[in-house]
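This report concerns only the one structure given below.
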């Protein structure tokens, strides 16, 4: 994925997003995703009382909003920020459970509308970073899953939105795919850069949805009580494409007449980007949704 990003990324700094807790010298993601560190009043996950988990058909909990033929608000493979801001408000007003924006939000005209919409949303809004070619020229914010012990191969660089955009969101996941442009094979669980491991889009969405902290150790990423073995790429190898989620076109969604019930759902907004993924042309948001379903079904 060769994506040209302007020099706005140079303004990033090491203390933005506030998504970590350094108690006991161990870095952990704050599962709530807000700008507060995990408090001492957080529930004790080591308690002996067990609560039986209610399993759901996770595919039925996901709605993907993608560019359709009737939608004209897209340029350079990105939905215009005014339309994106409107879409965030619609999902928020419908009482969505969680919003994930599978599009890099740059600091250009219209970004203030997105910032306002994210800040005003009555549900968490997660945003996307990207793993792309090029030299890493700035320090990344502390959003990592943990330290990379050298097992996971590093990507050339990771880019994330500006501090103002990041602080208006509830958290960030990195969109990255394994394989090559002719046929991508999987979305990794974690992405490695500068000795750190960062959550992928799917890992961030799933762990946020489940209010859990992903843990990395050696060749495993553990979600809840389930360790998932990964390869050097950060991928667990993947499986078949997982469908079953609801898909809505942007034009229908913005009209306010969406045919899907949005209440309590995970809403994933796609950009205009598509990828040859396991032999099929898929939108970025469809790939993220598929991986979320795969990981959930492993737990």
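Can residue 144 be described as closer than 20 Å to residue 220 by Cβ, touching a strand residue (DSSP E or B) at 6+ places or on another chain (Cβ under 8 Å) and at pLDDT below 90? It is true that residue 144 is closer than 20 Å to residue 220 by Cβ, touching a strand residue (DSSP E or B) at 6+ places or on another chain (Cβ under 8 Å) and at pLDDT below 90. Just one residue in the set 115, 105, 143, 101 is part of a helix (DSSP H, G or I), crowded, with 18+ Cβ neighbours inside 10 Å, within 19 Å of the chain's Cα centre (by Cα) and in contact (Cβ under 8 Å) with a residue 12 or more places away in the chain; that residue is 115.
Here is a yes/no grid of residues against (1) in contact with a strand residue (DSSP E or B) (Cβ under 7 Å, 6 or more places away or on another chain); (2) at pLDDT 50 or above; (3) outside any loop (DSSP other than H, G, I, E, B); (4) under 28 Å from residue 287 (Cβ atoms):
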site	(1), (2), (3), (4)
34	no, no, no, yes
56	no, yes, no, yes
87	yes, yes, yes, yes
92	no, yes, yes, yes
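The selection criterion, being in contact with a helix residue (DSSP H, G or I) (Cβ under 8 Å, 6 or more places away or on another chain), under 12 Å from residue 186 (Cα atoms), without any contact (Cβ under 8 Å) to a residue 60 or more places away in the chain and not in a helix (DSSP H, G or I), does not hold for residue 275.
Looking across 176, 167, one residue alone is closer than 22 Å to residue 276 by Cα and crowded, with 16+ Cβ neighbours inside 10 Å. It is 176. State which residue is surrounded by the most Cβ atoms within 10 Å (Cβ to Cβ) when the search covers only region 190-204 and only residues that are modelled with pLDDT of 95 or more and more than 13 Å from residue 131 (Cβ to Cβ). The residue in question is 204.
The values are calculated or read from the model by the stated rules, or taken from the named source; none is laboratory data. What you see is a predicted model; the values in this text were computed from it and never measured. Neighbour counts are summed over all protein chains in view; Cβ atoms, including those assigned to glycine, are modelled from backbone coordinates with ideal geometry.
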